[in-house]
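A short write-up of the structure that comes next.
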Amino acid sequence: MKKRNRVTLALASALAATTLLSACGGNNGGEASPSPAASGASSSPAASKEKVTLKMAIWDVNNDFLTYLDEKVKEYSSVAPNVTVELETFKSDGDYLQAMKVRATGNELPDVMGLKPNWLYDFREQLIPLDGEAYLAQNQYADKFAIDGKTYAVPMMAFPELVYYRPSIFQELNLQAPTTWPQFLELLQNIKDNSKYIPYAMGGKDAWPNYPFNEFLPQLVSGAESYLSDMAKDDSPFAEGKPFFESYKQIEELYALDVMGPDPLGIGWDQATDLFSSKQAAVIAAGLWFAPTYEAKVGSIDDLAAFPMPYRLDESEPLKLMMFTDHFYGITSGSDHQEEAKQFLNWFFSPDVYQTYIDAQKLVSTFEGVESNVPFLKAFYADNQNETFSYIPGDAEYTRITNAIQLDVKAIGQDMMAGKKVEDILPALNDKWAKAKASK
Amino acid sequence: MQKRLVVVSFLFIPVALLLLFLLYPSLRLLQFSLTDWNGMSKSFNYVGFDNYVEAFRNPDVWKALSNNFLYFGIHAAFIPLEVMLAVFLNNKMRASRFFRSIVFMPYILNGVAVAYLFSFLYNPINGPINALLEAVGLESWIRNWLSDKSIVNYSLVVVSLWRFSGLHVVLFLAGLQSIPNDLYEAATIDGAGPLKKFVHITLPGISRVMEIVLFLNVRGALQVFDIPFLMTQGGPGLASTTFTVYTIQTAFKYNNYGLASSLAVILMLMIIVFSYLQGRLFKGKGESS
């Protein structure tokens, strides 16, 4: 009996060893294989004729845009007959990010991937520098997002962050678009006093719709595009008197006015936009990307206008307009076909192709010499000539600290809507921040 | 010898699969829980038990865990009711088959569908629950079901109850049906009343099922994820965050795979410990009676 047990044990351990070894072997094979293939492709001209499939991934809420892009990348086969581009699309950036992170660990990223500016630091190890490519000189924003002097991805679109309103409601109640924070609060209060419309449509249940306030206001109030990275150098960035605290006091005032309908935390973004589109609510803040969504719902943009977020306290300060850059494209370092991917991006960023991209997005062009045809935007700029303020994500140290303390400014926004006071939130955050900053 | 060869070759695939998909990932999980891996970079540092210390020190983890215990407590309090319902359904009542399938229905429904269904019911604007309260003149009962921090967890537990009680009832029903009728007949002849029959025949008869249900409850309550994640994303703030939601967010939102892995290990240990304790408690009772 004992002998048999021993045999079983030996067999089992042998099994375990082979399984583990085979698992490791698979891993090594996967990591080792890219290099010979890549060098083969670049060295011999004969190899470049071999059939290549480039994988590309992107997210977008707009289905029409994704359909357009799927069609567009197929056209590349007429430029480079041996290359087929396969596009994988996601509807939400959250799902996309999760999928890409999982694939990054398995070395399974697509050859060309889309990124948001605040993911660049996380993915920089997985991307190759694009420096030296001709299109970089044409891109107006790419160099702002360089990491240690290297450009890893190129933004395809930019859009201003706006506060939308229904002009017909403003006319009916005899209201003017505000340019300062006190005017903004007064405006919302006036709409509330009239009691016919919900002043502001907030989809607080989803947390993220409060980003124009809880995420962007501290940056705007600070006046420095490098604000987030500057925070990482400060031991107590949430202290009284500093931009974060001051802007959060402003936001607190806004939330305390109770101008966001009966239950702002009970409804999500879709319901909030429904309220706005069906003219039950008068004001909503979002990026320019919201205008096409609105147009699709309502059928026209006749009764839609916008003003810049009026964050300043009085008219003596300049009012800057937050500009968000998005849809960054980069080439992954694990790709077997980096050369083909580079050539593809050269085609993808060329003016003719790019013009169709930006028109499908209905957003602002990031390339010099290409203008998007967006009537709404033209009307907005005719009324508002503001200096732009680029959203620049925090650096590696900022990312490290915020991840360590799990800083979620949008969840703090929810807490504030639920009535929590700034004085009860920020001091504790300061302590956590200082500790995380010190522990390196 | 040949027999042994056959046995080994038949066992090879299941054992290999088990090692590959269960043991190997678990060992990796243990390994990651001792590192500061961010989930993406190719290298990481070993940090000893720092992640475990951090997990125990973090008040948000405890807050999340206390939400889990709310699920556990309320579900446990409903078990007697579920047993009662099973007893009713086991009796020869009219259309008991129909009711049995009705009771089980919520469990078959897709969890995502259930979450959306209840999100709609709780909706503050034109939501059916508030509309119903208004219709019967109970306006004062109307609440912000998913946005009031003191209520949101109860609202979510109700969804969980609605979804999982049916499964418990059906399990109890199976237990009840496995008790031979002779026992009840003998007890009737000996002059035992319905209560005595219930305590001395029914309860011991379903003790195995009870054990399973209690285990499912511990496991389910500690792992509850889809309902809060889909209905509130753990909000407002962290109000309805559960242990698993917190773990997922630690890993995927804040790129802290080390800490998330240690939370997963802690969760595993908690389930084992609680199930063991519950088993001991229950067995002790069963033997004494």
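Each reported figure results from applying straightforward, stated rules to the coordinates on display, with no laboratory input. This structure is a prediction, so every number in the text was calculated from the model and none was measured. Heads up, the Cβs are rebuilt from the backbone with ideal geometry, glycines too, and the neighbour counts pull from every protein chain shown.
Counting only residues at least eight positions apart within a chain, or on another chain, the lysines with an alpha carbon under 25 Å from that of B:Lys3 are A:Lys2, A:Lys3.
How many Lys pairs in the stretch A:340-420 lie less than 29 angstrom apart by Cα atoms, where the lysines are 8 or more positions apart or on different chains?
Working: A:Lys342/A:Lys362; A:Lys362/A:Lys378; A:Lys362/A:Lys410; A:Lys410/A:Lys420.
Close lysine pairs under the 29 Å cut-off: 4.
At an R0 of 60 angstrom, the distance between the Cβ atoms of A:Glu253 and B:Phe98 translates into a FRET efficiency of 0.55. Karplus-based coupling profile of the stretch A:89-95, in residue order and whole Hz: 10, 10, 7, 10, 5, x, 4, with θ = phi - 60° in 6.51 cos²θ - 1.76 cosθ + 1.60 and x standing for Gly or Pro.
Obtain the nm distance between the two label points defined at B:Tyr276 and B:Leu5 by a simple spin-label model: each point lies 7 Å from its Cα along the Cα-to-C-beta direction. The modelled label-to-label distance comes out at 4.3 nm. Between A:Ala134, A:Phe245, A:Ser92, the Cα set farthest toward the positive side of the dipole of chain A (charges on each charged residue's Cβ, about the Cα centre) is that of A:Ser92.
With +1 assigned to the C-beta of every Lys and Arg and -1 to the C-beta of every Asp and Glu, and no other charges, what is the dipole magnitude of the stretch A:152-210 about the Cα centre in debye, to the nearest 20? Before the final figure, lay out the partial values.
Numbers: 4 positive and 5 negative charges, 25 e Å.
It works out to roughly 120 debye.
If I take all pairs of Cα atoms in the stretch A:292-344, what percentage of them are more than 16 Å from each other?
Across the stretch A:292-344, Cα pairs with separations above 16 Å total 71 percent.
In a DSSP loop and with at most 16 other Cβ atoms within 10 Å, the GluC sites (Glu not before Pro) in the stretch A:226-302 are A:Glu240. 3J(HN,Hα) along the stretch A:332-347, derived from phi through the Karplus expression 6.51 cos²θ - 1.76 cosθ + 1.60 where θ = phi - 60°, amounts to 7, 6, x, 5, 7, 10, 5, 5, 4, 5, 4, 4, 4, 4, 4, 6 Hz, with x in place of Gly and Pro.
Applied to the stretch B:61-75, the Karplus parametrisation 6.51 cos²θ - 1.76 cosθ + 1.60 on θ = phi - 60° returns per-residue 3J(HN,Hα) values of 5, 5, 4, 4, 5, 5, 5, 4, 5, 5, 4, 4, x, 5, 4 Hz, with x for Gly and Pro. About its Cα centre, the stretch A:204-245 has a charge dipole of approximately 100 debye under the convention of +1 per Lys or Arg Cβ and -1 per Asp or Glu Cβ, with nothing else charged.
Of all the C-alpha pairs in the stretch A:219-315, what % are more than 24 Å from each other? The calculated P(r) of the stretch A:219-315 puts 42 percent of pairs beyond 24 Å. Result for chain A in a Gaussian network model with C-alpha springs under 10 Å: among A:Thr151, A:Thr366, A:Thr84, the largest mean-square fluctuation is at A:Thr84. Build a GNM of chain A with springs between Cα atoms under 10 Å apart, and of A:Gly330, A:Gly369, A:Gly204 the one that fluctuates most is A:Gly369. Per residue of peptide A:265-271, the mean number of Cβ atoms on other chains within 10 Å of the residue Cβ is 6.
Can you bin the stretch B:2-67 into rounded, prolate or oblate? Criterion: square roots of the alpha carbon gyration tensor eigenvalues sorted a ≥ b ≥ c, rounded for a/c under 1.5, prolate for a/b above b/c, oblate for the rest.
Working: a/c = 4.06, a/b = 2.29, b/c = 1.77.
Here the stretch B:2-67 falls in the prolate category.
Each part reduced to its alpha carbon centroid, the stretch A:136-201 and the stretch B:72-91 end up 54 Å apart.
The mean number of Cβ atoms from other chains found within 10 Å of a Cβ in peptide A:424-437 is 0, as a whole number. Quick query: amide H of A:Phe389 versus all other amide H atoms, modeled in the peptide plane; which residues come in under 5 Å with a sequence gap of 5 or more or a different chain? When sequence neighbours closer than 5 places are left aside, the close amide H contacts are A:Leu321, A:Met322, A:Met323.
Amide H contacts of A:Asp131 (H built 1.01 Å from N, in plane; Pro and chain starts excluded): A:Thr151 sit under 5 Å, all sequence-distant by 5 or more or on other chains.
Quick one: Kirkwood hydrodynamic radius for the stretch A:40-185, alpha-carbon pairs, angstrom, one decimal? Let's see the in-between values first.
Working: mean 1/r = 0.0530 Å⁻¹.
Answer for the stretch A:40-185: a Kirkwood hydrodynamic radius of 18.9 Å.
Amide H contacts of A:Glu88 (H built 1.01 Å from N, in plane; Pro and chain starts excluded): A:Met56, A:Ala57, A:Ile58 sit under 5 Å, all sequence-distant by 5 or more or on other chains.
By how many nm would the segment from B:Leu269 to B:Phe12 grow when fully extended, if each residue of separation counts as 0.36 nm and the alpha-carbon distance is taken off? Fully extending the segment from B:Leu269 to B:Phe12 adds 89.6 nm. Computed over the stretch B:42-138, the convex hull of the alpha-carbon atoms projects to a mean area of 12.8 nm².
Expressed in Å, the radius of gyration and Dmax of the Cα atoms of the stretch A:58-129 are 13.3, 35. In straight-distance terms, cross-link reach from A:Lys279 covers every one of the lysines whose alpha-carbon lies under 23 Å from its own, apart from those fewer than eight places away in the same chain; here that gives A:Lys192, A:Lys196, A:Lys205, A:Lys297.
So if we plug the beta-carbon distance of B:Ile74 and A:Ser300 into 1/(1 + (r/R0)^6) with R0 = 51 Å, what FRET efficiency do we get, rounded to 0.05? Mind dumping the intermediate values first?
Details: r = 50 Å, r/R0 = 0.99.
Efficiency, rounded to the nearest 0.05: 0.50.
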